[in-house]
């Protein structure tokens, strides 16, 4: 059990990959990974982490069953 809040942030698709996607909040392209080709704006993550929250990325591609399993 923890007193630290956990926030799930929905990812967004990116169509043109930046030179270094991880620098901008992108996720490494791992085959079969639901986060492949998605990103979260790092300023959103930094803001919540500064308030003490833990962040969990949630892929916008997940279907209902995948989302229920994750949550």
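Remarks
- Selection from region 42-60 of residues that are touching a residue at least 40 places away in the same chain (Cβ under 8 Å) and part of a loop (DSSP other than H, G, I, E, B): 52, 53, 59, 60
- Test result for residue 59, under 13 Å from the mean Cα position of the chain (by Cα), over 23 Å from residue 2 (Cβ atoms), at pLDDT 70 or above and exposed (fewer than 11 other Cβ atoms within 10 Å of the Cβ): no
- Residues that are at pLDDT 65 or above, surrounded by 10 or more Cβ atoms within 10 Å (Cβ to Cβ) and not in a strand (DSSP E or B) within region 1-25 comprise 5, 11, 14, listed in sequence order.
- Residue within region 27-47 that is more than 13 Å from the chain's Cα centre (by Cα) and at pLDDT 85 or above present: yes
The values are calculated or read from the model by the stated rules, or taken from the named source; none is laboratory data. The shown structure was predicted, so the numbers you read here are calculated from the model rather than taken from an experiment. Don't worry about glycine lacking a Cβ; one is built from the backbone with ideal geometry, like all the others, and counts go over all protein chains shown.
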